[in-house]
Amino acid sequence: MRLKNLLHYKDFHSDDIIFDSLIKSTDDEILNYVINVTSDLLNGVFLADDFKINSKENLISYEEKELGELATYIGITPFVQSTLAKGTNWQEKATSYLEYFIGYIIGTIDKEEFLGNLIEMREVLNMSNKFYTGLVIYFGENKEFIINGILNKLQF
């Protein structure tokens, strides 16, 4: 699927806003954003050797849907941060979302907790289930490109 095909998944006005922002970028730019942010986050924190191993093993083992969920999580994070910034103490919540993202990859956060946060983020944005599903499919179909890109950029 191409980014522009998400047009068929829009259901709510909030989906329109996110879609309109996403299509200002190319498919390669969006996919490389996910790759760069994920690898930068993993490279930017101190990880014990077992967490380094876990992160690579987990990334390799994700199925298409799981990778789609992971990439959707980081892909919508800027929109969530922008929405949260309208309130107070938003930095704590935004940081927490990133900690859960890293924790899921290295194996300290289980899938249920991670998906709970993803649902919460989706609700913050008032994103429709249909558009969310489209994002998961879009990123999942690009699994190999994303995983290989992240693994190539990891510095451990």
Problem - Relative contact order of the stretch 1-86, defined on C-alpha pairs under 8 angstrom at six or more residues apart (%) - result: 31 percent
Practice task
Could you pull the Cα extents of the stretch 22-79 along its three principal axes, largest to smallest, in whole Å?
Solution key: 39, 25, 19
Practice task
Would you mind working out the accessible area per residue for the stretch 17-156, using a 1.4 Å probe, and quoting it in Å²?
Solution key: 50 Å²
Exercise for the section: Please report the relative contact order for the chain, taking Cα pairs under 8 Å with a sequence separation of at least 6, and give it as a percent rounded to a whole number. Expected result: 45 percent
Handout entry: Accessible-area composition of the stretch 1-141, carbon plus sulfur, in percent [1.4 Å probe]
Key = 51 percent
Fill in the blank from the handout: With the dipole of the stretch 27-114 defined by +1 on each Lys or Arg Cβ and -1 on each Asp or Glu Cβ, the option from I35, L98, F51 whose Cα lies farthest towards the positive pole is L98
Exercise for the section: Work out the charge dipole of the stretch 75-150 with +1 on the Cβ of Lys and Arg and -1 on the Cβ of Asp and Glu about the Cα centre, then indicate which of M121, S82, G107 is farthest towards its positive end. Expected result: S82
Exercise for the section: Report ³J(HN,Hα) in whole Hz for each residue of the stretch 142-150, in order, from the Karplus equation J = 6.51 cos²θ - 1.76 cosθ + 1.60 where θ = phi - 60°; Gly and Pro get x. Expected result: 9, 3, 4, 4, 5, 4, 4, x, 5
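Mind putting a number on the dipole of the stretch 38-156 about its Cα centre? Charges go on the C-beta only, +1 for Lys and Arg and -1 for Asp and Glu, and I need it in Debye to the nearest 20.
In total the dipole reaches around 400 debye.
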Practice task
Show the residues, 5+ positions off or on another chain, whose built amide H is closer than 5 Å to the amide H of F12.
Solution key: S128
Handout entry: Binned Cα-Cα distances of the chain, short to long, each 5 Å bin given as a whole percent
Key = 2, 9, 19, 23, 21, 15, 8, 2, 0
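Using alpha carbons only, what's the Rg to Rh ratio of the stretch 106-156 with Rh from Kirkwood? Walk me through the numbers on the way to the answer.
Values: Rg = 13.6 Å, Rh = 12.9 Å.
For the stretch 106-156, the value is 1.06.
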Fill in the blank from the handout: Note to self: Kirkwood Rh of the stretch 43-106, Cα pairs, one decimal, Å, is 13.0 Å
Practice task
Could you state the angle between the C-alpha long axis of helix 64-84 and the longest principal axis of the C-alpha atoms of the chain, as a value from 0 to 90 degrees rounded to the nearest 10?
Solution key: 70 degrees
Exercise for the section: Calculate, for A85 and E113, the FRET efficiency according to 1/(1 + (r/R0)^6) with r their C-beta to C-beta distance and R0 30 Å; round to the nearest 0.05. Expected result: 0.80
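The values are calculated or read from the model by the stated rules, or taken from the named source; none is laboratory data. These numbers were taken from a predicted model, which means no experiment stands behind them. Every residue, glycine as well, gets a Cβ built from its backbone with ideal geometry; the counts of neighbours run over all protein chains shown. Surface areas here come from the heavy atoms of the whole protein model, side chains and all, with no ligands, DNA or RNA. Shrake-Rupley method; radii C 1.70, N 1.55, O 1.52, S 1.80 Å.
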